[in-house]
Structures are given as structure tokens and as C-alpha cells.
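K.L.:
For reference, the structure I am asking about is given below.
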Amino acid sequence: MKKSENTLAAASRPPTKPSKRDAVDAMRSATEYLIATRQAERALKAGNCAPSFRLRDQRGVEVASETLLRHGPLLLTFYTGLWCPACSRDLQAFESLRPSVEARGASLVSISQQTVAENAKAQAQLKLGFPILSDRGGRIAQLFGVRWCIPELLRDVHRKSRIDLPLLNGDESWTLPIPARFILDRAGVIAYSEINPGQSGRSPPRDVLPVLDHLCSLHAA
């Protein structure tokens with residue numbers, strides 16, 4: 001077999017699934033780096049206008065933020081990927097909360113830099129009833145201030161952990177979103193933000209409900 005054929009065969013093989021320990025090691029290294037850079041402090045905060053977006057969901061259907069906001073507030077989470085156990089647990093916790101979110105007239109969506117196909121796999125595997133939107137290359141994450149570039153040292157950690165980000169995310173940028181939560185009011189203004197470079201400091205998902213209650217009361221007034 002020629003060298004080019006070898007390369008093509010390797011590219012066509014499915015990625016080896018990282019072990020839970022591999023993923024934990026990779027995320028621990030990323031957490032230490034992110035905390036040191038203080039990048040989370042530069043993300044958009046409450047009171048800032050949120051950037052609008054048009055992204056494809058796990059079925060390939062375009063979803064626009066303007067359309068979502070016509071129906072009420074928007075609860076938006078940035079999701080690292082299916083290979084991150086803590087991030088996946090967070091999405092499952094929000095799925096449990098989804099009826100309460102929707103009862104308040106709000107929409108719930110997640111944004112990931114994974115490909116549409118990987119997001120479809122995540123949505124099915126995690127049994128989610130809300131969409132995961134594909135932000136290929138992290139353009140929207142960048143506008144929210146939560147996109148970060150993985151340095152070469154940490155790329156080696158991911159490679160050794162069998163987390164093939166260029167394949168999973170469909171680009172060679174080696175960037176990821178910092179896990180984050182935002183609530184947008186109907187005008188597209190951020191009413192709540194929580195940026196989590198660490199994996200252990202996340203607030204319980206139910207903490208977003210008082211914010212949604214407040215936005216509902218303002219709209220009803």
C-alpha cells in the first residue's frame with residue numbers, strides 16, 4: 001500500500017475512545033492552564049449584549065438566536081464535548097431541569113465546537129431533548145469570550161489521551177469553549193453568566209431558575 005493510501009486508511013478509521021482516566025487527566029491539565037491565564041475573567045458578563053448566531057443543530061437544521069428569543073429568554077450552555085465526562089453530566093443535569101426551564105417560557109440550547117455528527121452522537125447518547133449547535137472553529141465562542149487555544153504541551157496530553165480534537169471538531173484550530181452558562185433576555189442582553197474553567201466550581205443547574213423567574217416577571221409587568 002502506498003503512503004497516501006496508508007494516510008487515507010488511518011483517517012477513515014474511527015477514533016479510539018479515551019478512557020475516563022485519560023479524559024480526566026486532559027481536563028485537569030486544561031483547568032490548571034485556564035485558571036493561570038485568567039481568560040474566564042475576559043468573557044462577556046451580565047449587562048453585555050450577546051452576539052447573535054445562526055448555527056446548525058445535531059440534525060443539520062439551522063437555528064437562529066433571533067428566532068429563539070422571540071419566544072422568550074434563552075438559556076445557553078457551552079459544551080466541551082462527549083469525551084468530557086463532567087461536561088456530559090452537566091448537560092444531563094440540564095435535561096432534567098428542561099421542563100422547569102420551558103415552563104417559564106425559556107429555550108435551552110447548548111453550543112459545542114464538535115461536528116454536527118459528533119453532536120448528534122452526544123445528543124442521542126446523553127438522551128437530551130434540547131439541541132446541541134455546532135460552532136465549528138469556535139467563532140461564536142470567541143464572540144462570547146470563552147474560546148481558548150490549547151497550547152502545544154496540552155495538545156500532546158490530548159493526543160496521548162486519544163482525544164483527537166481535529167477529528168472530533170472538524171478543524172485544525174485546537175480550540176475549545178470554556179464551559180459556560182449564559183441567560184439572555186428577550187432583547188438579547190445577558191442577564192446571567194457563569195464561566196467555569198474548573199470542573200468542580202459549577203453552580204447547581206437549578207440556580208438559573210430564579211433568574212428566569214425574574215425575567216418572566218419583567219415581561220409580565
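Computed from the coordinates by the stated procedures, all read-outs in this text should not be read as laboratory data. All figures in this text were calculated on a predicted structure; none of them were measured in a lab. Here the Cβ positions follow ideal geometry from the backbone for every residue, glycine too, while neighbour counts run over all protein chains shown.
K.L.:
For the residue pair residue 213 and residue 164, what label-to-label distance in nm results when each label sits 7 Å from Cα along the Cα-to-beta-carbon direction?
P.N.:
4.8 nm
K.L.:
Order 49-61, 131-143 from most to least packed using the mean count of other Cβ atoms within 10 Å. Walk me through the numbers on the way to the answer.
P.N.:
On the way: 49-61: 15.8, 131-143: 20.5.
Top to bottom by mean Cβ count within 10 Å: 131-143, 49-61.
K.L.:
Quick one: net charge around residue 93, please, counting Lys, Arg +1 and Asp, Glu -1 for every other residue with C-beta under 12 Å from its C-beta. Present the calculation step by step, with values, prior to reporting the outcome.
P.N.:
Working: positive: 89, 98, 181, 202, 206; negative: 90, 95, 207.
Around residue 93, the charge tally is +2.
K.L.:
Give the list, by residue number, of cysteines in the chain with no other Cys Cβ closer than 4.7 Å, or say none.
P.N.:
That list is 49, 149, 216.
K.L.:
When you count, for each residue, the other Cβ atoms within 10 Å and take the mean per peptide, how do 185-192, 110-117 rank with the highest first? Don't skip to the answer; put the middle values down first.
P.N.:
Numbers: 185-192: 17.0, 110-117: 23.5.
Put in order of decreasing packing, that is 110-117, 185-192.
K.L.:
For region 17-220, what does the relative contact order come out to in percent, with C-alpha contacts under 8 Å and a separation of six or more? All intermediate terms of the calculation are to be shown ahead of the outcome.
P.N.:
Working: 370 pairs, mean separation 61.8, N = 204.
Relative contact order comes out at 30 percent.
K.L.:
Which cross-chain or sequence-distant (5 or more) residues have an amide H under 5 Å from the amide H of residue 56, H modelled 1.01 Å from N in plane?
P.N.:
63, 134
K.L.:
Hey, another quick one. Could you tell me how many degrees, from 0 to 90 and to the nearest 10, lie between the Cα long axis of helix 116-126 and the main elongation axis, the longest principal axis, of the Cα atoms of the chain?
P.N.:
70 degrees
K.L.:
Output the peptides 63-75, 205-217 sorted from most to least packed, where packing is the average of other Cβ atoms within 10 Å over each peptide's residues.
P.N.:
On the way: 63-75: 17.8, 205-217: 16.1.
Ranked by mean Cβ neighbours within 10 Å, highest first: 63-75, 205-217.
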